[in-house]
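**Student:** Got a structure for you, questions after.
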Amino acid sequence: MTPEEARSAAKQKLKGICGVYKACDGDPSRLCQNQIYGGPMQMGGAGSGASFANNYSDLANIRLRMQVIGPHFEPDTTTTLFGKTMQMPIYGAPVTGVNSFGGERVITEEDFCTATVEGCKQAGTIAFRGDTSTYSNDYIPGIEAIAAAGGHGIKIIKPRAQQHILKRMAYAEKVGALAVGVDVDGCGSYMMNVNKQPVFRKSIDEIREWIQSTTLPFIIKGVMCVQDAEAAVEAGAAAIVVSNHGGRVLDCTPGTATVLPDIAKAVGKNCTVLADGGVRTGADVVKMLALGAKGVLIGRDIIRAAIGGGIEGVRVHMEHLQKNLASTMLMIGCPTLNDITPAILERP
Ligand SMILES: Cc1cc2nc3c(=O)[nH]c(=O)nc-3n(C[C@H](O)[C@H](O)[C@H](O)COP(=O)(O)O)c2cc1C
C-alpha cells in the first residue's frame, strides 16, 4: 500500500466528513468546515475555523533556505523521546472519537487505536492516544491498544475530575506506557460536558498532584502562551505540546508556528517542547524544529491514514514523512536534527 492509496480509500469512507483534499488547510469552503451549526465537529475546527486555518497558513508562510554546495551526507532523522530511540521526530497525535464518524462502516474506535499505535510502532516511532466523551471509566481503548503494543504508546487524558485522571494515569503506568499527560486545552469541551464527563481548568497544584503520583514522564498538551508553558514547568512537566488542538477548542488563535519560538525560548532548556497543528510534510517538520520544537505530532493525516489503510496505512504514512524529512534535510544542508536551527529559515 502507498500513502496515496490509503488516502483514496479514506476519501471513500469519509464521504460527507472529510474531502481528503490536497491541502488540509481549514478553509471555510472545505467540507469539514461546512457542518451544521450545533452538530458534532468531526474533522473541522472551532467556530469560523480561523485557528485551524492559521495553523496551516502560518507554517506555509515560512520559507526554507536551500543550501546544496558542500560534502554529500545521508541525513540522520533519528532522535530520542524520554530516553527511547525514534526513527523520526514525528509522532502520531492523540486523536479520538472516530467512532462518531459512521461506526464500523468507517472504522471502530478499537481498530483505530490499534492502527495508530501499531502503525507508528512499525514505522519506528510512537503514537499518542487521546480521550473523548464516548470513553468512560470502563472503556479506555487507547490504553488497551498501548498495552497490546507492549506499552509502546503515550496516553493523553482529558482534564477530568482529579480522581478520574489519577485512575487513568495509574492504568497507563501499569501497562508500561512511555509517558502520560493531559490535554489541558480540553477544559472547555462541550461534548465532554453534555455527555456527563465534566472537564475543568486546572491549577498548578492540581497538575503537581498528577506529576507526583507517577513515575512516568508527564506531558502538558495544549500550550499556546509563555505563561502556561512556565506554569507547566513549575509543576514539574517533562514535556509540553505547543498546540491549539488543531484549532478545535478556541476560535481566533494564532497558528502554533507563530507562538512556538517565544515558548521554546522561555522553557526549551527546562522541558521537551513538542508542537502540532498543520504539520503535513517534511518541510513542515523542519520549520517546526527550526522554530524550537524537538518533535511534532500529526493529527488529521494520521486519522486519514488509519481509516484508509489501518496499521499499514499509518506505517506507510509515517515512513513517507520520514523520507520526506530526510530529503528536505539534504536540500537545506542539515545532516542531523541538531543542525536544524533558525538559520535555515529565510526571512521574507
Ligand atoms: C478528530 C480529532 C480528534 C482529536 N482528539 C483529540 C484528543 O482526544 N485528545 C487530544 O489531546 N487532542 C485531540 N485532537 C487534536 C490533535 O491531537 C492535534 O492536536 C491536532 O489534530 C493537530 O493538528 P492537525 O490535525 O492539523 O495535524 C483531535 C483532533 C482531531 C482532528
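**Student:** Just name the residue that is surrounded by the fewest Cβ atoms within 10 Å (Cβ to Cβ) out of those in the range 137-177 that are touching a residue at least 40 places away in the same chain (Cβ under 8 Å) and of a type in the set (Gly, Ala, Ser).
**Tutor:** Across the range 137-177, the extreme among qualifying residues is Ala170.
**Student:** If Val180 passes every condition in (1) open to solvent by less than 10 Å² (accessible area, probe 1.4 Å); (2) closer than 24 Å to Gly45 by Cβ but one, which one does it miss?
**Tutor:** (2)
**Student:** Additional query: Asp228: within 14 Å of the chain's Cα centre (by Cα), part of a helix (DSSP H, G or I) and buried (at least 16 other Cβ atoms within 10 Å of the Cβ), yes or no?
**Tutor:** no
One line per residue, one yes/no per condition, for (1) surrounded by 16 or more Cβ atoms within 10 Å (Cβ to Cβ); (2) at pLDDT 95 or above:
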position	(1), (2)
Ala306	yes, yes
Gly310	yes, yes
His317	yes, yes
Leu325	yes, yes
Thr328	yes, yes
Cys334	yes, yes
Ile340	yes, yes
Ala343	no, yes
Arg347	no, no
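**Student:** Just checking, how many residues over the range 127-171 are touching a strand residue (DSSP E or B) at 6+ places or on another chain (Cβ under 6 Å), part of a helix (DSSP H, G or I) and within 12 Å of the ligand (Cβ to nearest atom)?
**Tutor:** Adding up the residues that qualify gives 1.
**Student:** Right, next: Just need a number here: residues in the range 232-272 that are open to solvent by less than 20 Å² (accessible area, probe 1.4 Å), in contact with a helix residue (DSSP H, G or I) (Cβ under 8 Å, 6 or more places away or on another chain) and away from the ligand (no atom under 14 Å from the Cβ).
**Tutor:** Qualifying residue count for the region: 6.
**Student:** Yes or no: Cys187 within 12 Å of the ligand (Cβ to nearest atom) and open to solvent by 30 Å² or more (accessible area, probe 1.4 Å)?
**Tutor:** Against the criterion (within 12 Å of the ligand (Cβ to nearest atom) and open to solvent by 30 Å² or more (accessible area, probe 1.4 Å)), Cys187 qualifies.
**Student:** Could you please find all residues in the range 48-80 being surrounded by 15 or more Cβ atoms within 10 Å (Cβ to Cβ), over 25 Å from Ile154 (Cβ atoms) and within 16 Å of the ligand (Cβ to nearest atom)?
**Tutor:** Within the range 48-80, Gly49, Ala50, Ala53, Asn54, Ser57, Asp58, Ala60, Ile62 qualify.
Residues are listed down the side, and each one gets a yes or a no for (1) assigned to a loop (DSSP other than H, G, I, E, B); (2) under 21 Å from Phe82 (Cα atoms):
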| position | (1), (2) |
| --- | --- |
| Val180 | no, yes |
| Asp185 | no, no |
| Met191 | no, no |
| Phe200 | yes, no |
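**Student:** If you don't mind, another one. Would you confirm whether any residue within the range 81-100 is away from the ligand (no atom under 16 Å from the Cβ), part of a loop (DSSP other than H, G, I, E, B), under 30 Å from Pro217 (Cα atoms) and in contact (Cβ under 8 Å) with a residue 24 or more places away in the chain?
**Tutor:** There is at least one residue in the range 81-100 that is away from the ligand (no atom under 16 Å from the Cβ), part of a loop (DSSP other than H, G, I, E, B), under 30 Å from Pro217 (Cα atoms) and in contact (Cβ under 8 Å) with a residue 24 or more places away in the chain.
**Student:** Next question, about the same structure. From the list Ile36, Ile17, which one is β-branched (Val, Ile, Thr), modelled with pLDDT under 95 and within 14 Å of the ligand (Cβ to nearest atom)?
**Tutor:** Result of the check over Ile36, Ile17: Ile17.
The values are calculated or read from the model by the stated rules, or taken from the named source; none is laboratory data. Being a predicted model, the structure only gives us computed values, none of them experimental. Here the Cβ is made from the backbone with ideal geometry for all residues, glycine too, and neighbour counts use every protein chain on show. Keep in mind that these areas ignore ligands, DNA and RNA; they rest on the heavy atoms of the full protein, side chains included. Shrake-Rupley method; radii C 1.70, N 1.55, O 1.52, S 1.80 Å.
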